[in-house]
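Undergrad: Dropping the structure in here first, questions after.
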Amino acid sequence: MLRLFLAYYRPYKKLFILDFTCAILAALLELTFPLAVNKVVDDLLPSGNWKWILWSCVVLLGIYLVSAVMNYVVSYWGHKLGINIETDMRKKLFDHVQKMSFRFFDNTKTGHLVSRMTNDLMDIGEIAHHGPEDLFIAIMTLLGAFGLMLSINWQLAILTFVMIPLMIYLSLYFSGKMTRAFKRMFSDIADFNARVENNVSGMRVVQAFANEKHEIAQFAVNNGRFRQTKLIAYRIMAWNSSLSYILMRFVSIFVLVCGTWFVIQDQMTYGEFIAFVLLSNVFLGPIKQINSVIETYPKGIAGFRRYLDLLETAPDVADTPGAKDVKNLIGKIAFNKVSFGYENKKRVLNQIDLAVNPGETVAFVGPSGAGKTTICSLLPRFYEIEEGSITIDGIDIRSMTLESLRSQIGIVQQDVFLFDGTIRENIAYGKLDASEEEIWEAARRAQLEAIILSQEAGLDTLIGERGVKLSGGQKQRLSIARMFLKNPPILILDEATSALDTETEAAIQQALTELSEGRTTLVIAHRLATIKHADRIVVVTEQGIEEQGNHEELLKTQGVYSRLHQAQFGAF
Ligand code: ADP
Ligand code: MG
């Protein structure tokens, strides 16, 4: 883990060296004060040499000024180093999440992800900065102070040193406990972020069911758990700070008693005694320092572990080695003995064969849950098939880059997802560099022009989160406009009009018909009237593809399709 962490310092070598050097210098300069006092008390004080005493003060002042500059550098540039590393990690995590597959998002809570990207990395910058520095300085200061103490009075120095292993053991013991406590705390925070996210985005349902009390009770459970974990963490911290405090004070008293004894025995001068007491304080500094950051360290480490967990989760759909950018597909699609299931054991599709010609419109019908949506999500490789192969224009989709594949498939779904922002931004999502004219053209073809013109802000109208300020039909038209801009050779319409009333459906149907012109189109439709004129109709049931043919052919065979048709339109 340490090696993985150190890798993040690589781009900031210079900053790190600067910070590190200044920190060490500042720490070493701290050692000069006890020595100066020793000199003043033992040599200068008895001789009453004022001039020299003043001179040593001036030198000390100079040293402190240098030290102050060093401290500034450590404090500002050191934190800059930490923030840089934190930013890099956050970017890396965000980039990684973009690559994760649908399967990952099926099984991951939004709140958890948000938590990992924000809260969990919050303390990383702190330890990236203080981590190596504190550790190194602690060792340097310990050694430096110990060396000077040895040179003053080695017996007393060794007696004092005996206390150190105990203190270090204590620190490590508590730090381990804290790391575990903070890891639990982060997972609690993630849980309640997920709860809040779920509650807020489902608020319309909550209030429609008048289930606020239930939600409040559920939240109280999460909140209570978080409180409990946090209290545990603070209890550990309190034990740690009290125990190490008493140990340190014990050392001070020990030095005081033994030192006095050595002075009485004439084995130590007053100056040496004072210097020793001061040095023993410097000596205890690193331990105090470690104790004061014992909150940050375990937090940072716990966050880093969670960060690594996610970063090391490889996406299960990714570009294969040697994948090619395939441009200008014409849209000849073939499924060859394709099998697939979401959960390990349960197959949703079994040995599916299907061929679609370029420009053809193929409609999928059948009972809900039969696997129509699944067939269509395999084409852009949202999920990886288990057996068989899918080809477009004869090329296996696994040998294309995901980007080139997906940029040539357009999907219009029943539940449109729109981003918080303006109409313009949402249409242009289909082509990020679209010009004003292109956006208007797309809007016009999607029958959206009149709606936009009726808005005071026009294209700059804000549509609210997920487009809540638009009606279902308007949202659908917006997603169609987006598709006109994307202009893919292959189009998937997954129950695009199912949620709309018949009147709106008719209007949108017109836009969809225009959209599907000249493209290979896969349509999933609930209402059979909308797909009557499809080139081919494929009937999908739990058994797989049951029948295919055009409307008239299928009616003649008196199979599933004709039964479905009868159910929707009555006898014919
Ligand atoms: P259709 O579109 O024909 O109504 P789907 O393709 O959506 O059917 O679903 C086929 C089967 O796969 C259903 O049993 C459904 O429960 C299951 N399913 C769909 N999506 C997922 C998913 N993301 N994870 C697990 N199971 C899923
Ligand atoms: Mg479906």
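The values are calculated or read from the model by the stated rules, or taken from the named source; none is laboratory data. Bear in mind that the values here come from a model prediction, so they are computed numbers and not experimental data. We place every Cβ from the backbone using ideal geometry, glycine too, and count neighbours over all the protein chains shown. The area values use the complete protein model at the heavy-atom level, side chains included, leaving out ligands, DNA and RNA. Shrake-Rupley method; radii C 1.70, N 1.55, O 1.52, S 1.80 Å.
Undergrad: Looking at Gln558 and the list (1) surrounded by 17 or more Cβ atoms within 10 Å (Cβ to Cβ); (2) over 21 Å from Gly331 (Cα atoms); (3) more than 16 Å from ligand 2 (Cβ to nearest atom), which single condition is not satisfied?
TA: Of (1) surrounded by 17 or more Cβ atoms within 10 Å (Cβ to Cβ); (2) over 21 Å from Gly331 (Cα atoms); (3) more than 16 Å from ligand 2 (Cβ to nearest atom), only one is false for Gln558: (1).
Undergrad: Among the residues that make up region 189-196, is at least one of them within 16 Å of ligand 1 (Cβ to nearest atom), closer than 21 Å to Arg225 by Cβ, surrounded by fewer than 17 Cβ atoms within 10 Å (Cβ to Cβ) and not basic (Lys, Arg)?
TA: Filtering region 189-196 down to residues within 16 Å of ligand 1 (Cβ to nearest atom) leaves none.
No - not one qualifying residue is present in region 189-196.
Undergrad: Does region 348-363 contain at least one residue that is open to solvent by less than 80 Å² (accessible area, probe 1.4 Å), within 19 Å of Arg406 (Cα to Cα) and within 16 Å of ligand 1 (Cβ to nearest atom)?
TA: No, the conditions are met nowhere in region 348-363.
Undergrad: Condition (residue is open to solvent by less than 10 Å² (accessible area, probe 1.4 Å), more than 29 Å from Ala323 (Cα to Cα), touching a residue at least 60 places away in the same chain (Cβ under 8 Å) and touching an Asp or Glu at 6+ places or on another chain (Cβ under 7 Å)) applied to region 432-451: is it met by at least one residue?
TA: Step one: filter region 432-451 for residues open to solvent by less than 10 Å² (accessible area, probe 1.4 Å), giving 439, 442-443, 446, 448.
Of the ones still in play, those that are also more than 29 Å from Ala323 (Cα to Cα) are 439, 442-443, 446, 448.
Subset that is touching a residue at least 60 places away in the same chain (Cβ under 8 Å): 446.
If we keep only those that are touching an Asp or Glu at 6+ places or on another chain (Cβ under 7 Å) too, we end up with none.
No, every residue in region 432-451 fails to be open to solvent by less than 10 Å² (accessible area, probe 1.4 Å), more than 29 Å from Ala323 (Cα to Cα), touching a residue at least 60 places away in the same chain (Cβ under 8 Å) and touching an Asp or Glu at 6+ places or on another chain (Cβ under 7 Å).
Undergrad: Based on what the data block shows, is Leu485 open to solvent by 40 Å² or more (accessible area, probe 1.4 Å) and either touching a Pro at 6+ places or on another chain (Cβ under 9 Å) or modelled with pLDDT of 90 or more (or both)?
TA: So Leu485 does not fit the description; no.
Undergrad: Sticking with this structure for a sec: Can you tell me which residue among Gly559, Gly544, Gly458, Gly549 is farther than 29 Å from Ser339 by Cα and small (Gly, Ala, Ser)?
TA: Of the residues listed, the single one that is farther than 29 Å from Ser339 by Cα and small (Gly, Ala, Ser) is Gly458.
Undergrad: For region 485-497, enumerate the residues that are part of a strand (DSSP E or B) and under 18 Å from Asp415 (Cα atoms).
TA: Leu491, Ile492, Leu493, Asp494
Undergrad: I'm trying to understand the selection: among the residues of region 525-547, which are open to solvent by less than 30 Å² (accessible area, probe 1.4 Å), within 16 Å of ligand 1 (Cβ to nearest atom) and part of a loop (DSSP other than H, G, I, E, B)?
TA: Hit for region 525-547 is Ala525, nothing else.
Undergrad: A follow-up question, please. What are the residues in region 93-122 that are more than 16 Å from ligand 1 (Cβ to nearest atom), charged (D, E, K, R), within 19 Å of Glu403 (Cα to Cα) and touching a residue at least 24 places away in the same chain (Cβ under 8 Å), if any?
TA: Within region 93-122, Lys99 is the sole residue that qualifies.
Undergrad: Among the residues of region 387-424, write down those that are among the charged types (D, E, K, R) and over 15 Å from Ala318 (Cα atoms).
TA: Glu387, Asp393, Asp415, Asp420, Arg424
Undergrad: How many residues does region 132-161 hold that are more than 30 Å from Cys258 (Cα to Cα) and either crowded, with 21+ Cβ neighbours inside 10 Å or within 16 Å of ligand 2 (Cβ to nearest atom) (or both)?
TA: Within region 132-161, residues that are more than 30 Å from Cys258 (Cα to Cα) and either crowded, with 21+ Cβ neighbours inside 10 Å or within 16 Å of ligand 2 (Cβ to nearest atom) (or both) number 1.
One line per residue, one yes/no per condition, for (1) assigned to a helix (DSSP H, G or I); (2) acidic (Asp, Glu); (3) under 27 Å from Ile189 (Cβ atoms); (4) away from ligand 2 (no atom under 16 Å from the Cβ):
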residue	(1), (2), (3), (4)
Ile63	yes, no, no, yes
Asn71	yes, no, no, yes
Tyr76	yes, no, no, yes
Gln98	yes, no, yes, yes
Glu126	yes, yes, yes, yes
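Undergrad: If you don't mind, there's one more thing I want to ask. When both residues are 6+ apart or on different chains and their Cβ atoms are under 8 Å apart, which pairs have a first residue that lies in region 331-349 and is closer than 19 Å to Thr373 by Cβ, and a second that is within 16 Å of ligand 2 (Cβ to nearest atom) and aromatic (Phe, Trp, Tyr)?
TA: Note: pairs meeting the criteria are Phe340/Tyr383; Tyr342/Tyr383; Arg347/Phe340; Val348/Phe340; Val348/Tyr342; Leu349/Phe340.
Undergrad: Next question. Please specify each residue of region 419-431 satisfying the condition of being outside any loop (DSSP other than H, G, I, E, B) and open to solvent by less than 100 Å² (accessible area, probe 1.4 Å). Step through it out loud before you land on a result.
TA: Step one: filter region 419-431 for residues outside any loop (DSSP other than H, G, I, E, B), giving 422-428.
Thr422, Ile423, Arg424, Asn426, Ile427, Ala428 - these are the residues of region 419-431 that are outside any loop (DSSP other than H, G, I, E, B) and open to solvent by less than 100 Å² (accessible area, probe 1.4 Å).
Undergrad: Could you say whether any residue in region 261-281 is without any contact (Cβ under 8 Å) to a residue 12 or more places away in the chain, more than 16 Å from ligand 2 (Cβ to nearest atom), under 28 Å from Met248 (Cα atoms) and open to solvent by less than 30 Å² (accessible area, probe 1.4 Å)?
TA: Yes.
Undergrad: Among the residues of region 106-124, which ones are open to solvent by 20 Å² or more (accessible area, probe 1.4 Å), farther than 18 Å from Asp191 by Cβ and away from ligand 2 (no atom under 16 Å from the Cβ)?
TA: Asp123
Undergrad: Same structure, new question: Please work out if Val560 is in contact with a helix residue (DSSP H, G or I) (Cβ under 7 Å, 6 or more places away or on another chain) and under 24 Å from Gln351 (Cβ atoms).
TA: No; evaluated as a whole, the condition is false for this residue.
Undergrad: Failed condition for Asp494, given (1) over 20 Å from Ser407 (Cα atoms); (2) touching a strand residue (DSSP E or B) at 6+ places or on another chain (Cβ under 8 Å), with all others met?
TA: In the conditions (1) over 20 Å from Ser407 (Cα atoms); (2) touching a strand residue (DSSP E or B) at 6+ places or on another chain (Cβ under 8 Å), Asp494 misses (1) alone.
Undergrad: Scan (1) open to solvent by less than 90 Å² (accessible area, probe 1.4 Å); (2) in contact (Cβ under 8 Å) with a residue 40 or more places away in the chain; (3) not in a loop (DSSP other than H, G, I, E, B) for the single condition Ala318 breaks and write down its number.
TA: It fails just one condition, (3).
Undergrad: Hey, another quick one. Is it the case that Ala571 is modelled with pLDDT of 90 or more and open to solvent by 10 Å² or more (accessible area, probe 1.4 Å)? Talk me through it step by step, then tell me what you get.
TA: Details: modelled with pLDDT of 90 or more: no; open to solvent by 10 Å² or more (accessible area, probe 1.4 Å): yes.
So Ala571 does not fit the description; no.
Undergrad: Output the number of the condition that Pro367 fails; it satisfies all remaining conditions of (1) open to solvent by 30 Å² or more (accessible area, probe 1.4 Å); (2) within 16 Å of ligand 2 (Cβ to nearest atom); (3) at pLDDT 95 or above.
TA: So Pro367 meets the others, but not (3).
Undergrad: For region 491-520, how many residues meet the condition of being open to solvent by 50 Å² or more (accessible area, probe 1.4 Å), among the acidic types (Asp, Glu) and within 16 Å of ligand 2 (Cβ to nearest atom)?
TA: Selection size over region 491-520: 0.
Undergrad: While we're looking at this one, here's another question. Of these, Leu515, Leu500, Leu522, which one is part of a helix (DSSP H, G or I) and on the phi < 0 side of the Ramachandran plot? Spell out how you get there, then give the answer.
TA: Numbers: Leu500 fails: part of a helix (DSSP H, G or I); Leu522 fails: part of a helix (DSSP H, G or I).
The conditions single out Leu515.
Undergrad: Tell me yes or no: at least one residue of region 377-388 is within 16 Å of ligand 2 (Cβ to nearest atom) and in a strand (DSSP E or B). Show your work before the answer.
TA: Taking region 377-388 as the starting set, the residues that turn out to be within 16 Å of ligand 2 (Cβ to nearest atom) are 377-380, 382-383.
Among the residues that remain, those that are also in a strand (DSSP E or B) are: none.
Looking through region 377-388, none of the residues is within 16 Å of ligand 2 (Cβ to nearest atom) and in a strand (DSSP E or B).
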